[in-house]
1. What is the fewest-to-most order of Ser280, Ser224 by other Cβ atoms lying within 10 Å of their Cβ?
2. Return Leu258, Leu93 ranked ascending by Cβ neighbour count within 10 Å, so the fewest neighbours appear first.
3. Could you tell me whether segment 259-357 comes out rounded, prolate or oblate from its Cα gyration tensor? Rule is a ≥ b ≥ c as square roots of the eigenvalues, rounded for a/c under 1.5, then prolate if a/b exceeds b/c, otherwise oblate.
4. How far apart, in nm, are two points set 7 Å out from the Cα along the Cα-to-Cβ line at Asp307 and at His7?
5. Ordered by residue, what ³J(HN,Hα) values in Hz, to whole numbers, does segment 17-25 give under the Karplus form 6.51 cos²θ - 1.76 cosθ + 1.60, where θ = phi - 60° and Gly and Pro are x?
6. Apply the Karplus parameterisation 6.51 cos²θ - 1.76 cosθ + 1.60, with θ equal to phi minus 60°, to every residue of segment 279-295 and state each ³J(HN,Hα) to the nearest whole Hz, in sequence, with x for glycine and proline.
7. Taking the Cα centre as origin and putting +1 on Lys and Arg beta-carbons and -1 on Asp and Glu beta-carbons, what dipole magnitude results for segment 209-365, to the nearest 20 debye?
8. Assuming R0 = 25 Å, can you tell me the calculated FRET efficiency for the pair Ala208 and Ser252, based on Cβ-Cβ distance, to the nearest 0.05?
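FYI, it's all coordinate maths here, none of it is from the lab. It should be emphasised that the depicted structure is a prediction, and the values quoted were computed from it without experimental measurement. Cβ placement follows ideal geometry from the backbone for every residue including glycine, while neighbour counts extend to all protein chains displayed.
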Amino acid sequence: MRFRWLHWRHVIIIGLLVFTGLGLFLASWRSQLGSLFPAVQAVHEFGGILYGIALIGWGARFFPMAPGPYRPTYARWGYFWLISLVVTGAGLLVGPSWTRSIATVGHGMASLGFIIWALWHLITRIPFRKVRKPAPETGFGIRMSRRRFLRWALAGAAAIPAASALPTLLKMVGGRLMPSFTPTSEAGALPGFIPYTVTGTYPSIDRATYRLTLEGLGSTKSFSFAELAAEPSQIKIINFQCVTGWVVPHVSVRGIDLISWLQKYGFTGKAGQDWLTFYSGDGVYTENLSRDELIKTRPLLAYAFDDKPLAVSQGYPLRLLVPEMYGYKSIKWLVRIRVAPNTSVGYWEARGYPQNAAYGSYTGI
Ligand SMILES: Nc1nc2c(c(=O)[nH]1)N[C@H]1C(S)=C(S)[C@@H](COP(=O)(O)O)O[C@H]1N2
Ligand SMILES: [Mo]
């Protein structure tokens, strides 16, 4: 009796964690969440932490090690995967980005392990009632009892969301274990990021000849990388989030405070200086910020992640980093800034994403 209650308590908690986890992980699920996203994230993170404390603190007294013939190895595997999820999950929330990248893969691997374990569990061990003797060795398909059929049906239903996560999980885990698996990840790129480029290539910019052009504040000015690097810089810790779903929390970004820098060259935000338009060295990508968005987000002209120069795929030598807005605002290979009373529609805005890219602003599909 006690075992049953214990068991179903875990089923409910784990089910909640799995579903909120899939909601955070799968782009297709996330896009449905919209402004619910922070709530789902909170449930997953706090729920995971509390569950983890209970699992580690009370161990086998809290976790249902069933009385019965299969207790030791079987239940311990379940416990093993759950502890792995808790440890890697905690690693996702704290620490420098290199440990978080390990934790990301680890959490993916543990999720894979746990999902497989849970499906196996559903198929073979659904404890509708206390098992008195080991199930008879019937070959599947030969004698399909009602109970066995029910098990398979339940497992099948649970497998649908789990299976929908498998390709992405496999790609992520496989991609990190065998970097060639994902052609997108570049050595030196900050882990956790998926490097995007709408042109299909990364422009190779020589830092020695690089120029950043500033238009609209008096005569057009242009700056070398060395001049920019001599400007006062600061580090911001940013939660980087792409509108398609992935998040890299606590990214350490070094750069120049854009507003202060612009002010040095005459930016006041008065009428006629309503918009900033940003242009990429890839020749295609553009972005913009209104004066209000600028003030609200205080972006950086960023040139280092974790105090190391940006990887080519991540915008070398300089990109914009807009805190609290979806990644598409953070234009890479930034080469030109225009201050003007008007702007042009940004690359992704023209394709249906909101001008107001503040986290939570996107609720479409
Ligand atoms: N020039 C340029 N900048 C860009 C993009 C791009 O395709 N080209 N993608 C944007 C999007 S959608 C995101 S999420 C981030 C991704 O940053 P990363 O490539 O460093 O992971 O860059 C943004 N800046
Ligand atoms: Mo993105």
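1. Ser224, Ser280
2. Leu93, Leu258
3. Working: a/c = 1.65, a/b = 1.23, b/c = 1.34.
It comes out oblate by the Cα gyration axes.
4. 5.4
5. Karplus-based 3J(HN,Hα) across segment 17-25 equals 5, 5, 5, 5, x, 4, x, 7, 8 Hz.
6. Values per residue, Gly and Pro as x: 10, 9, x, 6, x, 10, 6, 9, 8, 8, 9, 6, 4, 5, 5, 4, 5 Hz.
7. 140
8. Numbers: r = 26 Å, r/R0 = 1.03.
Result of the calculation: an efficiency of 0.45.
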